[in-house]
Amino acid sequence: MTSFLEYLAFIIFAVTVYSLARWFRYVTSGVNYSELKALASFILNLCFVFFYRHFLVTDEIIFYGSVESPSLKWLSIPMMYAHAFCFSVPWEPARWFLRRKFDPRIREYK
């Protein structure tokens with residue numbers, strides 16, 4: 001049986017790693033884009049996709065041990081896909097929280 005601390009540690013790990021991947025995407029995209037940075041972003045996210053996939057297939061968390069929890073497996077599925085689509089791009093990606101409230105190029109006041 002999985003304890004509460006294992007659930008909490010896995011969720012904190014998943015959120016922290018995904019936040020790191022999103023931050024790395026914004027830092028290496030747009031003006032700062034280069035092929036080497038894109039490759040580093042791809043490898044970073046690919047490692048975490050394999051981490052979640054390994055947990056889904058074998059019920060083992062790398063460097064921790066065996067954890068049998070269907071709810072953590074269900075959390076691993078969207079996290080795996082989130083990392084699969086979180087890579088650097090040559091254009092400036094849309095930001096979720098740090099965006100401007102009003103952009104005069106989009107719409108003017110009436």
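Applying 1/(1 + (r/R0)^6) with r as the Cβ-Cβ distance of Ala94 and Ile62 and R0 = 35 angstrom yields a FRET efficiency of 0.60.
Applying both filters, DSSP loop and at most 16 other Cβ atoms within 10 Å, to the chymotrypsin sites (Phe, Trp or Tyr not before Pro) of the range 6-45 gives Tyr33.
Given Ala94, His83, Ile62, which one lies farthest toward the positive end of the charge dipole of the range 4-106, if we put +1 on the Cβ of every Lys and Arg and -1 on the Cβ of every Asp and Glu? Farthest towards the positive pole: Ala94.
Per-residue extension of 0.36 nm, minus the Cα-Cα distance of Leu39 and Ile77, leaves a gain of 11.3 nm for this segment.
When the convex hull of its Cα atoms is viewed from all sides, the range 4-106 shows a mean projected area of 8.1 nm². Within the shell of other residues whose beta carbon sits under 11 angstrom from the beta carbon of Leu44, the net charge comes to +2, with Lys and Arg scored +1 and Asp and Glu -1. Each residue of the range 17-25 was assigned a 3J(HN,Hα) from its phi angle through the Karplus expression (A = 6.51, B = -1.76, C = 1.60, θ = phi - 60°), giving 5, 5, 4, 4, 5, 5, 4, 5, 5 Hz with x at Gly and Pro. Only the Cβ atoms of Lys and Arg (+1) and of Asp and Glu (-1) were treated as charged; on that basis the dipole of the range 1-82 about its Cα centre amounts to roughly 340 debye.
Any read-out appearing in this document is the output of simple, stated calculations on the displayed coordinates, not a laboratory observation. No experiment lies behind these values; they were computed from the predicted model shown. All Cβ positions, even for glycine, are placed from backbone atoms using ideal geometry, and neighbour counts span all protein chains on display.
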